[in-house]
Amino acid sequence: MLEYIKDHWIQYLIGATVAVLLGLGLSYYLGQKWSTPESVREQRIAEEQVTGSEDLGDVDFDDDISQESDTDEAQ
């Protein structure tokens, strides 16, 4: 089996290259087709600028970290 792979390593290399290129091409195509349209992005950005960062004022980011350390100490 190993001898077969040594004899045909070029075909394996070409096959792997084709597979990678097809994967990258497909991901690019699907990203372009199903990504959020530019007009929707602009609308969301405009809405965020109007509301500002008021929504983030209610969130306590440090609270999650302190709860995790409390549960680790209790165990």
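The values are calculated or read from the model by the stated rules, or taken from the named source; none is laboratory data. For clarity, every value in this text was computed on a predicted model and none was experimentally measured. Using ideal geometry, Cβ is built from the backbone for each residue, glycine included, and neighbour counts are taken over all protein chains shown. Surface accessibility is based on the protein's heavy atoms, side chains included, excluding ligands, DNA and RNA. Shrake-Rupley method; radii C 1.70, N 1.55, O 1.52, S 1.80 Å.
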Name the pairs: first residue in the stretch 32-56 and among the β-branched types (Val, Ile, Thr), second residue part of a helix (DSSP H, G or I) and modelled with pLDDT of 90 or more, Cβ to Cβ under 6 Å, at least 6 apart or on different chains? none
Can you run down the residue pairs with Cβ atoms below 9 Å, 6 or more apart or on separate chains, where the first is in the stretch 3-18 and part of a helix (DSSP H, G or I) and the partner is open to solvent by less than 70 Å² (accessible area, probe 1.4 Å)? 12/5
